[in-house]
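Colleague: Let me give you the structure first, and then I'll get to my questions.
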């Protein structure tokens, strides 16, 4: 996301004109264990376009440099003709920036798909790895430098995020303003409805529909336990009551939390949170697209259609507005 934020203007201009593609390169060519991951210090984005628009932009910049620096360059008819022809493709690159300027980024925190998904957080000389304990090198690679947390240990993961200031615990100030828990309640109910009946009609889902479905399936809702917690938390914060996350079942703490929007690891933390909320398709789509598309493959068609419609109507129309409302 840093690459997109730092080069937003150029990337926007490029995608208007052409198809953009590329790859991320680092200095580690093979990952056999966690120690290899810890050796990744920076990544470089290699970007290209299908019609070589970036290549032509580079040529245009060189020609502009020659024209401004060589006193007699303006007499070179071939140079001027080539500039005119190239400008028909690139436009005026002096005002319409096309070349991404920041393409190398140091890795202080990152996620990788290796070993079933591994999170690496580096801060003030301390490295924390959150991964499945079956990952090769877990608790063995650089033990003097690295703290390891079993990704399946909900309590330890949550405590790390809370103590490092990366998580926004359940507080009325953001819960009531964002509406995130209300949205999660509806997403949870539709997910449970799909699990209970893969052919359930989801063509007209509303908060009232969700409430009615939950009432008709009260035993299932009570046994599953997440919806009663969401409802209890919303009642508590409406009365300005304090909620101690330590008193909540560790496996359910993430459903009433979000990443701290003031922390620079906002995106990575929300990605980690989404791993514990399989029903929250919106958070997974926004912050964890590989996880979302993996889930998508296993969903029945009716649930796929419902989720795609929700994302299209509520997120794709105005991405910044939804991120600002729910997560910031």
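Colleague: Quick check: is even one residue across the range 194-211 buried (at least 17 other Cβ atoms within 10 Å of the Cβ), within 30 Å of residue 117 (Cα to Cα) and either modelled with pLDDT of 95 or more or out of contact with any helix residue (DSSP H, G or I) (no Cβ under 7 Å at 6 or more places or on another chain) (or both)?
Modeller: Yes - at least one qualifying residue is present in the range 194-211.
Colleague: Regarding the range 224-234, can at least one residue be identified that is in a helix (DSSP H, G or I) and under 16 Å from residue 167 (Cβ atoms)?
Modeller: yes
Colleague: Looking at 261, 300, 250, which one is more than 20 Å from residue 165 (Cα to Cα) and in contact (Cβ under 8 Å) with a residue 40 or more places away in the chain?
Modeller: Among 261, 300, 250, only 300 is more than 20 Å from residue 165 (Cα to Cα) and in contact (Cβ under 8 Å) with a residue 40 or more places away in the chain.
Colleague: So which residues in the range 277-297 are without any contact (Cβ under 8 Å) to a residue 60 or more places away in the chain and either closer than 15 Å to residue 194 by Cα or touching a strand residue (DSSP E or B) at 6+ places or on another chain (Cβ under 9 Å) (or both)?
Modeller: 283, 287, 288, 295, 296, 297
Colleague: Among (1) closer than 30 Å to residue 130 by Cα; (2) surrounded by 12 or more Cβ atoms within 10 Å (Cβ to Cβ); (3) under 27 Å from the mean Cα position of the chain (by Cα), where does residue 262 come up short?
Modeller: The failed condition is (2).
Colleague: Out of (1) in a helix (DSSP H, G or I); (2) modelled with pLDDT of 95 or more; (3) crowded, with 18+ Cβ neighbours inside 10 Å, the odd one out for residue 159 is which?
Modeller: So the condition that residue 159 fails would be (3).
Colleague: Please enumerate the residues belonging to the range 109-155 that are at positive phi, surrounded by 13 or more Cβ atoms within 10 Å (Cβ to Cβ) and not in a loop (DSSP other than H, G, I, E, B).
Modeller: Passing the criteria: only 115.
Colleague: Going by the structure shown, is residue 239 over 16 Å from residue 182 (Cα atoms), at pLDDT below 95 and either exposed (fewer than 13 other Cβ atoms within 10 Å of the Cβ) or in contact with a strand residue (DSSP E or B) (Cβ under 9 Å, 6 or more places away or on another chain) (or both)?
Modeller: Here the answer is yes, as residue 239 does meet what is asked.
Colleague: OK, next. Check off (1) outside any helix (DSSP H, G or I); (2) free of Cβ contacts under 8 Å to residues at least 60 places away in the same chain for residue 209 and give me the number that stays unchecked.
Modeller: Condition (1) is where residue 209 drops out.
The values are calculated or read from the model by the stated rules, or taken from the named source; none is laboratory data. These numbers come from a predicted model, not from an experiment. Positions of Cβ are backbone-derived with ideal geometry, glycine not excepted, and every protein chain shown enters the neighbour counts.
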